[in-house]
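The values are calculated or read from the model by the stated rules, or taken from the named source; none is laboratory data. Fair warning: this is a prediction, and the values are worked out from it, not measured in the lab. A quick note on method: Cβ atoms are made from the backbone with ideal geometry, for glycine too, and the neighbour counts reach across all protein chains shown.
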Amino acid sequence: MRILALDADIHGPGIDEAAFRSAKSMFEYDVVVWDPASFVGTYARDPWNATYQGYPCISTDDSARLIADVARRRKEIISFLEMGRVFVVLSAPPSHVYYATGETKTSGTGRNATKINTVASLDAVGSCLPVEIESTEGVGDGIEPKDEGFRAVWRASRDAWFYRAIFTKFPGTPLATVSGTDKVIASILRTKGEGIFLLLPALYPILEDDREDAEDDVPKSLFSWISQLKGGKENQLPEWAERYKFPEDLQRSARIAELEETLASVLDEIEIRKAEKAAADQWKLLFTSSGSALEEQAKRAFEEIGFTVQDGPPGRTDLRLEWEGRQAVAEVKGVGKSATEGNAAQLEKWISEERIAGVQDPKGLLVVNAWRKEALEDRRDTFPHQMLKFCKQREHCLVTGFQLLAMARACREDPGRKAEVARSLMETVGVMPGWSEVSSVFVAQATEVVEGSTDPKTAEVQGENVVEA
């Protein structure tokens, strides 16, 4: 099999390499692999080349070469596929570019006259291909093969593949999607003349130190599969051939069915665990968020501790609380710096309104998620000294979002502590003591150094300490 790599980082015996813009003919080869990622850049090499609306704007000379090469290669690809060959594109998002049309306009008159080159937009990659493709940019390595042949290629070299485009319109049938979705990232089209057009995910660039192993890994499995594809109908068994089974086929079929059942069970459990983690992660909003998201999670935390909770009326207190017949109001704030006297004054206003409404001696709780954009270990004091006198005189209880999280977790793990924790909130005057140790909520993190390297890597210590939703 004769193979040509156009701008593609694929190497090995029998593989010739060339640039897409070169004069190298495709017709001497059985398979051509094109990686268009840097295609536009080969025409925008002049440092004086400009941009227009954020996209490359090719110089006049290079524009003429670009348009000529696009037209030439497009015709060549069409003929190549009609000859029954295989053209592979390592998919990339649209390559928008502005090129000079050759027309000029004159702005101004006399000495102030300026010639302006007229430009037009072009999807350089899409214009080269004889198939209709629409895609959006998207990068990742979660690839789920939908074709058994490509699955074998992917398994043999899964660490080498990643996607950088998601197709909303694609030729032929899907070969792979983004894991767990129906978002297509690879496809296959059989053209007239038994040609094959393949859209495949991209290949990571091969480092010099890894080149020898990579050459044995990716090309062999990839081109072996392509060779099977080229077998066409002659390489496919007719349906009636399924009547003839080898002795080991029965045992193999039973094992496949068993494994598929196990796989379905494992996939179901993975989805359940992912849902549990997503729900548990919502608790982290208590030390990361602000606004309604923080208020809603604070409401859940107070309920976990044993309070009966109601949302406050619009424009008034955030939460109304009740515990063992005692009433409380909570002001919940997420701020970028420390709490302020204004937060405490707002709480006192809600307390006064509750008294006017007939509530006897309501307790004021000020919950503040301060320094919310910083890691917990980097945060400074939430409640500055200048606001403490005001709060103590009015018997406010001051609590951080993280403290509220720690309390809720403790009550979830040991419901017998609910009364103790709720009572401490109702009786504390000033800053709530304790409940601030990060290690009491989250598993410890250990730093290890990989032998022979000076780069530290963070490894999670074994253990389980997760609040379930």
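General observations
- Among the residues here, residue 69 qualifies as surrounded by 20 or more Cβ atoms within 10 Å (Cβ to Cβ), out of contact with any helix residue (DSSP H, G or I) (no Cβ under 6 Å at 6 or more places or on another chain), closer than 29 Å to residue 103 by Cα and touching a residue at least 40 places away in the same chain (Cβ under 8 Å).
- Residues in region 34-54 that are at pLDDT 75 or above and hydroxyl-bearing (Ser, Thr, Tyr) were compared, and the one that is surrounded by the fewest Cβ atoms within 10 Å (Cβ to Cβ) is 38.
- One residue stands out among those in region 155-170 that are out of contact with any Ser or Thr (no Cβ under 6 Å at 6 or more places or on another chain) and under 14 Å from residue 90 (Cα atoms): the one that is surrounded by the most Cβ atoms within 10 Å (Cβ to Cβ), which is 163.
- Residue in region 109-128 that is within 28 Å of the chain's Cα centre (by Cα), in the same structural domain as residue 32 (by TED's automatic domain parsing) and among the β-branched types (Val, Ile, Thr) present: yes
- The one condition in (1) at pLDDT 90 or above; (2) assigned to a helix (DSSP H, G or I) that residue 139 fails to fulfil: (2)
- Residues of region 77-92 that are of a type outside the set (A, V, I, L, M, F, W, C) and buried (at least 18 other Cβ atoms within 10 Å of the Cβ): 85, 91.
- Among helices (runs of 4 or more DSSP H) entirely within region 322-435, having at least 1 residues that are of a type outside the set (A, V, I, L, M, F, W, C) and in contact (Cβ under 8 Å) with a residue 60 or more places away in the chain singles out 401-413, 418-427.
- Any chance residue 1 is surrounded by fewer than 18 Cβ atoms within 10 Å (Cβ to Cβ), part of a loop (DSSP other than H, G, I, E, B) and hydrophobic (A, V, I, L, M, F, W, C): yes
- Checklist (1) in a helix (DSSP H, G or I); (2) more than 28 Å from the chain's Cα centre (by Cα); (3) assigned by TED's automatic domain parsing to the domain that holds residue 335 applied to residue 258, failing item: (3)
- Condition check for residue 284: charged (D, E, K, R) and either closer than 18 Å to residue 435 by Cα or in contact with a Ser or Thr (Cβ under 7 Å, 6 or more places away or on another chain) (or both): yes
- Flag if residue 326 is among the basic types (Lys, Arg) and in contact with a Phe, Trp or Tyr (Cβ under 8 Å, 6 or more places away or on another chain): no
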